[in-house]
Amino acid sequence: MASVRCSLHVKSDDLDRAIAKIKQSLKKQGYRPGDKPLEEYLKLDGARFRGLVVSTPVGGWVSILDSQPDRTPEFAVDLSKQLKTHALLARASWDGWWTYELYRSGKVVDAFDCREEARRQQELHRQKHERPPPEILDIAARLSTGDLTEEDQRKLLAYIETNPHCAPDLAARAMGVVLGISDERTAGLCPPDTIESALTPARLELLKPLLAADVTAEAVRAVLDDGSAAGNIVLMRFLPLLGIDAGYFDLSYSWLFLEDSGVPEDITPSGIEFARHLLYEPDGGRDAAGTS
């Protein structure tokens, strides 16, 4: 299985406050501060410790790499709620997929998965090019003459209503018949056979407050609609749109520490500056305040 890169980005310029909330969240999740050196923890099973590398704020974001990415969504919910801000959880794999989840004040407000988007586009394409049943084709053949009964019009409009993407020319022609418009005039009503953008108006409104200076909607649309590149490459292009360092497209706690035999000498790839490395252990039911 291809390695998955996972990073969490919290909208904040206050590193100390973000770290304080991280520690509070770890305590709530059942962890206490560790007292062993990193090398000792790396020898343990991953479930027996929790490591988090926290960056200095860049572009208004504090970034976090978590040794237990399956639990990172808990951080996203809790930190965005405690800090009353946004958090972005980004994932990518070398085998071609990438995702993000956008949180605001403890709730998921948007989610994108390139795999789901590809399936959606495939279904829209199938619907758009699916051949209508013979009865509908027969009715369509009589559209230009207007030789339709009320029952024909009812069937045609009902078909169009339940299959809005499969035959736009039928929709345009039917509108022409109902309104008494000629075929020549209805030809312009047919929508082009193009991809329906993943950047919906609702998604754009959610992303707008987070976009870096001078980033346009067209730039965001070009990235979200790009199904040609590998997922991690698309994520590399997406993160800077929000002011997040592109280097996180290929970063995870596992990649930095757990996938190597030893501790890296330099853990600041791509010029990213990590400010703190927090090491925690399962609390075993004891109540302990988090400290670094």
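Just so you know, all these numbers are worked out from the coordinates, no wet-lab data involved. Note that the structure is predicted; figures quoted are calculated from it, not measured. Heads up, the Cβs are rebuilt from the backbone with ideal geometry, glycines too, and the neighbour counts pull from every protein chain shown.
Would you mind ranking LYS36, LYS21 by Cβ crowding within 10 Å, fewest neighbours first?
On the way: LYS36 13, LYS21 22.
Arranged by neighbour count, lowest to highest, LYS36, LYS21 become LYS36, LYS21.
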For LEU88, LEU44, LEU65, LEU143, what's the fewest-to-most ordering of other Cβ within 10 Å of each Cβ?
-> LEU44, LEU143, LEU88, LEU65
Distance check, please: which entries in LYS21/LYS208; LYS36/LYS84; LYS28/LYS84; LYS27/LYS107; LYS84/LYS208 exceed 22 angstrom between their Cα atoms?
-> LYS21/LYS208; LYS36/LYS84
Least to most buried among HIS86, HIS9 (fewest other Cβ within 10 Å first) = HIS86, HIS9
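What FRET efficiency comes out for ARG115 versus ALA141 if R0 is 51 angstrom and r is the Cβ-Cβ distance? Round to the nearest 0.05. Let's see the in-between values first.
On the way: r = 40 Å, r/R0 = 0.78.
So the FRET efficiency works out to roughly 0.80.
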Could you calculate the FRET efficiency of ARG276 with GLU161 from 1/(1 + (r/R0)^6), where r is the beta carbon distance between them and R0 is 41 Å, rounded to 0.05?
-> 0.10
When ranked by the protection proxy of mean other Cβ atoms within 10 Å per residue, highest first, what sequence do the peptides 233-241, 133-141 form?
-> 233-241, 133-141
